[in-house]
1. What pairs come up if the first residue lies in segment 21-36 and is among the hydroxyl-bearing types (Ser, Thr, Tyr), the second is surrounded by 13 or more Cβ atoms within 10 Å (Cβ to Cβ) and not in a helix (DSSP H, G or I), and their beta carbons are under 8 Å apart, counting only those six or more places apart or on different chains?
2. Can you find a residue in segment 18-38 that is modelled with pLDDT of 95 or more, surrounded by fewer than 18 Cβ atoms within 10 Å (Cβ to Cβ), farther than 19 Å from Leu135 by Cβ and over 13 Å from the mean Cα position of the chain (by Cα)?
3. Output the residues belonging to segment 42-59 that are in contact with a strand residue (DSSP E or B) (Cβ under 7 Å, 6 or more places away or on another chain) and buried (at least 16 other Cβ atoms within 10 Å of the Cβ).
4. Looking at segment 4-37, which of its residues are within 15 Å of Leu65 (Cβ to Cβ) and not in a strand (DSSP E or B)?
5. Would a scan of segment 129-148 turn up a residue that is touching a strand residue (DSSP E or B) at 6+ places or on another chain (Cβ under 9 Å) and part of a loop (DSSP other than H, G, I, E, B)?
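The values are calculated or read from the model by the stated rules, or taken from the named source; none is laboratory data. Bear in mind that the values here come from a model prediction, so they are computed numbers and not experimental data. Don't worry about glycine lacking a Cβ; one is built from the backbone with ideal geometry, like all the others, and counts go over all protein chains shown.
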Amino acid sequence: MPSRLKRIYGFCDLHFITCSCYRRRQLLGTRHARDVFLRIFDQVRRKYKFEVVGCVVMPEHFHILIGEPEKGNPSSVLQILKQTVARRLLKPARRRGSNQPMLWKQGLPVQNPHFWQARFYDFNVYSNEKRFEKLRYMHRNAVKRGLVSSPELWA
């Protein structure tokens, strides 16, 4: 992994963050997985006290536009969010006596030891123009991908 990654925190910027599922697998592609993600995201938001300007959950990644948290920083928020979502959606296969993590998808266990890619993309949003650009991108993401015909149709 590159060691020169530099995150810029402490200037009260908004942060446009993108995080992908492991190998771009569609691990957030079910209503259940999206609902779990959103519930946990709200819990993390309340605990770390940050503003949410925008959020979109796609089948294999998510985008959030958030303010800097009162507690910690965006990296610590993402660490807790990703760990909690992965733990909730990856479950040990206790029925077969195995400790191997499994993803429960549509009632069927799917072998998958990873949920998230190791890193996340963070862009400091320093102007209203960039804020609107990122929000437009988030709203149009599902349309561009052909998942819906207009932004308001994406849950």
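1. Tyr22/Asn112; Tyr22/His114; Tyr22/Phe115; Tyr22/Trp116; Tyr22/Gln117; Thr30/Lys105
2. No: zero hits.
3. Within segment 42-59, Arg45, Phe50, Val53, Gly54, Cys55, Val56 meet the criteria.
4. If the condition is that a residue be within 15 Å of Leu65 (Cβ to Cβ) and not in a strand (DSSP E or B), then Cys12, Asp13 are the ones that fit.
5. No, there is no match, as no residue in segment 129-148 is touching a strand residue (DSSP E or B) at 6+ places or on another chain (Cβ under 9 Å) and part of a loop (DSSP other than H, G, I, E, B).
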